[in-house]
Structures are given as C-alpha cells and as structure tokens.
Amino acid sequence: MQAKEPLVLLSAPAIARTGLPELIGLCADRLDSGARMLTLFGRASEGEEVLVSAVLEEAGGRLIVMQADAKRGDRFDSLTPLHPALHMVERELWEQTTLTPDGHPWLKPVRHEGARQQCMSDYPFFKVRGAEVHEVGVGPIHASVIEPGHFRFMCLGEQVHHLEIQLGYQHRGVEQLLLRRNPLLLASSVEAIAGDSSVAYAWAYCAAMEALSATQVRLEDDLVRGVALELERVAMHLGTLNGMATDIAFLQGGATYGRLRTAIINASMRCCGSRFGRGWLRPGGVRFGLSAERCQDLLDTLGSFARDFQQVNELMLCARSVQARLKGVGVVTAAVAREIGMVGLAARASGVALDTRLSMPGRVHGAFPLALVTEDGGDCWARLRMRIRETDESVRWLLQVIAHAALERSDFAPAEPACKELRPNMLCVSVREGARGEIVQVIETGSDGRLRHYKVQDPSLQNWFGVALSVRDNEISDFPICNKSFDLSYCGNDL
C-alpha cells in the first residue's frame, strides 16, 4: 500500500463550492466524525467576493478541501463553541476578510493586519477583577534577545490566574509578498518566514511547486531533504534544551547542549554552506547532494554527538534540582490540548498522538519510518523529555538513512534545479512536520499559471494559546520555563 503523501493537488474549478452556511455545516459534520481541521482561510478579491477554503485531515491521513463563496461582511455561525480548536483560524478569517463568526467567544485580532496595525494599543485584554488582583505587563520589548510580544498577567499575589498574549508586532504581510515574484523563485523568501525552520518551510514550498508543474523528483533528492529536515529538528531541540537548562541555572546542561547544537548546525553548513540549511532545497531537487565523503562526515558527527548527548541527558534528567523545577509546572492536559487544537511536539508532550510524518509519511518516511514519541505529563518536564527522546529518534533515523545505499547517487545535483511553468487553475495543499509541528502551505494558481493565493500557517498559531493556559495557577516566576518549553515562533505567528 502506498504511503499517504503530505500533499494534495486539485483542479480548482473541479472543487465543488457551496454557500458559507453550507460549508460551515459540512465542516461541523466532518469534525463530529473525527476529522481534524488543518486550516480555514479566505481569499478576498478586489470586489466584495471572498472564497473560503477549509482543509481537513480525515482518518488515515487523507486530506480533503471544501470551498464556499461569500461576500465581505457576511456572518456565519461560529464553530468554536463546539470545536474550540478552530478558535484561531476563525479569528484569522475574520481579521483578513471581515467574515464574522457569530458566537465566537474570543474574537480578537491575531496579528493586527492592515489598518489594525495602528490600533494595537486598543487591544481588548481580558480583565480579572478583585481587590487584590494586579496586572503585570511584559514586553513587547524584552530584556533578552527574543522577538517582540506582549504578555499581560492577571495575578493574585504570585499566582497567575490568567495570561493573555498579544502578538503581531512583526507582521510583514508575508502572504501578499509571496504573490509579487516569480513563484519558482520564492525559495529564499519562504526560507525566511520563520528562520529557524528554513528547511521545513522550503520542503513544503518545493513539493508544492513540483506538484503544480508536474515535475518528478528523484528519491535520492527527497532523502537528502529528509536528512536536512531532521538535522534542523535536532538543532532546534538542542537550542530549546539549552534555553531550558539556562533558565533553571543548570549550567552543565546549558553549556553542553549549546556546544552540541553548534556541532549539528556546522554539519549542515558543511553540506550546503548554511548553518540553517538555507539554499539547500530548491524546486526540482536539491542544490547539494550527499557524497560518500559528506555522508561519512555526518556519520562521524552524529556518532560523537550521540555519546555526548546521552551523557548530558543523564545529568539533566537525574538532577533533583531539574526535576523539582520542571515536574508539575505548566501542565496542559491531553483533553485541553485536543480541545484547543495544539499540534506538534507540544501536543505530543500532552499525550496527543499527532505527527504528520506518520499520518502522511510520503515516500521518504514511508520507506524509512520514524517511531511515534509521546509523553503523558503535559508539563515542562514532559516537554523536556519529548525533545530529548525526539532528538534520539531523529539521530537513529539519520544514521539509518545516511548509511543506506539509496543515497549513493545523491552526490550529483544541478546548480539550480528548476521546474517548468505551473499548471493553471490548480490548488495544492502541502504539509511538512517541522520541529514545532505541521507547517501548512496552500497555493492556488490562476488561469495564466501565476499565483492567485498563497496561504501559510505555522504551528505556533495553534500553540500560543497553549502557552497561556500552561501558566494558569502557576507562579509568575514559572512563566519563563513554560514559555521556553514550548519555544514557539513569534514571526511564524505574525507572518
């Protein structure tokens, strides 16, 4: 049986369109039957028309697309009260198209697009009332070297009763910018959407361009892409482990995880010239293959890494100070994680078995499967253990693939792989599981083969609300480790 691809290609005119109320009803039926909403978005034309698209994943990894015609200002019954996982995508739909979800319990801007950029100071923060309740505002400018975001804590003493997170300070209008250039030359722009996930974004983009242009890609090239992605995943997990160890003053962990991350990103640099994998993937293939010499270099690097990684993990996990600081802190239960639609590592740390590398493995992860890793605790300790265990699994997978004969012919790669022109009137959904979770890109071409719409969704969009809930009933001093244990992207949310 052929593995489910993390991609679906459809003829846009062949997608049946309904009215907006009918689409919402169909989505409700699918959700009630166990399907999962990947994204819900609208494409607004210069007039009043809005094309609404819903992308769902059904059991077995099957992707389905449904569409509806609407007009600006139309209203529809919100799905959020019964399916809270849709709360962010409905808010984004409202912000971008003015389609209003009636009954939405938390209808606020996601990233302050357009004219709303000038109204960020008017954000309607939730209020907790009480004689001894006080508010603590942090950001958007922070003392450490992190991206801008505002965190509003409602506290009784040191205990946090509610945290509200206001983002949007880095909104760049990414989706509109991607429509202004030749679609086959967007790789460098897509890689910069969330710079620490360059490979995951680039692979989703390349796969979409190849599907839209009917370009065949060699298995060897896709295996190189898989190697690049798992190297990126390992590097990101090490960066987070370094940050968590530093935040709790476990200096052995902080120093060693940082050193090991440098070894991994330097290995990527030796493969493609960039520590972040930029320029490695291009539509049609890869710019740099893996010669026998490069494969041996990776095998040597990963072998040395695995030994040191095991040693520092033993120190980290056995330290009573680490356990005391992380266990039981920042809990998000499995029920809450499912309800609010968390994805990726954060969801798996709460026991939610959700990984598109397994549900939609494609030919790479179908031929070389990864083991599903989950934790049940849902706390900072579980998220720490998840990163350690996922890193181990990625290293196991890398060692298996790099040593396999299928990479023998991957050394040859054209200087600039290229696709043909894109087919007109097509819609492509492309998904890749980055270190934070699923990255979704939906691309639509017009009658001339040029891009009509480019939808981007980072896993951080669904997970920031999880950070807010994780801090409830914890002390405000627990926020830094809760935030770092999720380690979400500000710019990935802000786009």
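In terms of the mean number of neighbouring beta-carbon atoms within 10 Å, the peptides 191-199, 10-18 order highest first as 191-199, 10-18. Spin-label pair Ala403-Lys327: with each label point 7 Å from Cα along the Cα-Cβ axis, the two points sit 3.6 nm from one another.
Accessible area, 1.4 Å probe, largest first: how do Thr80, Thr98 sort? List each step's numbers first, then the result.
Working: Thr80 5, Thr98 60 Å².
Of Thr80, Thr98, the descending order of accessible area is Thr98, Thr80.
Counting only whole DSSP H helices of the chain, the ones at least 20 Å long by C-alpha along their axis and with mean Kyte-Doolittle hydropathy no lower than 1.0 are 198-212.
Rolling a 1.4 Å probe over the protein heavy atoms gives the chain an accessible area of 40 Å² per residue.
Quick check: with the 1.4 Å probe, what order do Lys108, Lys71 take by accessible area, largest first?
Numbers: Lys108 20, Lys71 100 Å².
Sorted by accessible area, descending: Lys71, Lys108.
Built from the Cα atoms of segment 256-351, the convex hull projects on average onto 9.1 nm², one quarter of its surface area. Ranked from largest, the principal axis spans of the Cα set of segment 115-162 equal 35, 28, 12 Å. Which residues does the label zone of Thr18 cover in segment 72-93, counting backbone N under 12 Å from a point 7 Å along Cα→Cβ? Counting only backbone N, you get no residues. All other residues whose Cβ lies under 10 angstrom from that of Lys4 are scored, Lys and Arg at +1 and Asp and Glu at -1, for a net of -1.
The slack between Arg363 and Ala214, meaning 0.36 nm per residue of separation minus the straight C-alpha distance, is 52.0 nm. At an R0 of 45 angstrom, the distance between the Cβ atoms of Lys71 and Gln159 translates into a FRET efficiency of 0.45. For the chain, the pair-distance distribution built from all alpha carbon pairs, in bins 10 Å wide starting at 0, is 4, 19, 30, 27, 15, 4, 0, 0 percent.
Using mean Cβ contacts within 10 Å as the protection proxy, how do 361-369, 231-239 order, highest first? Before the final figure, lay out the partial values.
Numbers: 361-369: 17.8, 231-239: 25.2.
In descending order of packing, they fall as 231-239, 361-369.
Heavy-atom accessible surface of Ser33, to the nearest 10 Å², is about 100 Å², with a 1.4 Å probe and all protein chains retained.
Most tightly packed first, judged by the mean number of other beta-carbon atoms within 10 Å of their residues, the peptides 19-29, 139-149, 317-327 read 19-29, 317-327, 139-149.
For segment 296-424, the equivalent ellipsoid derived from the alpha-carbon gyration tensor has semi-axes of 33, 23, 11 Å in decreasing order. Restricting attention to the chain, lysine pairs at least eight places apart or on different chains and with alpha-carbon atoms under 28 angstrom apart total 11.
If you take every residue apart from Glu444 with its C-beta less than 11 Å away from the C-beta of Glu444, what net charge results, scoring Lys and Arg +1 and Asp and Glu -1?
Working: positive: Arg43, Arg450, Arg452, Lys455; negative: none.
Once all neighbours under 11 Å are counted, the net charge is +4.
Per atom type, the chain shows carbon and sulfur on 52% of its accessible surface, probed at 1.4 Å.
The values are calculated or read from the model by the stated rules, or taken from the named source; none is laboratory data. Model, not experiment: these values are computed from the prediction. Here Cβ is always computed from backbone atoms with ideal geometry, including for glycine, and neighbour counts include all displayed protein chains. Note: areas computed on protein heavy atoms with side chains; ligands, DNA, RNA excluded. Shrake-Rupley method; radii C 1.70, N 1.55, O 1.52, S 1.80 Å.
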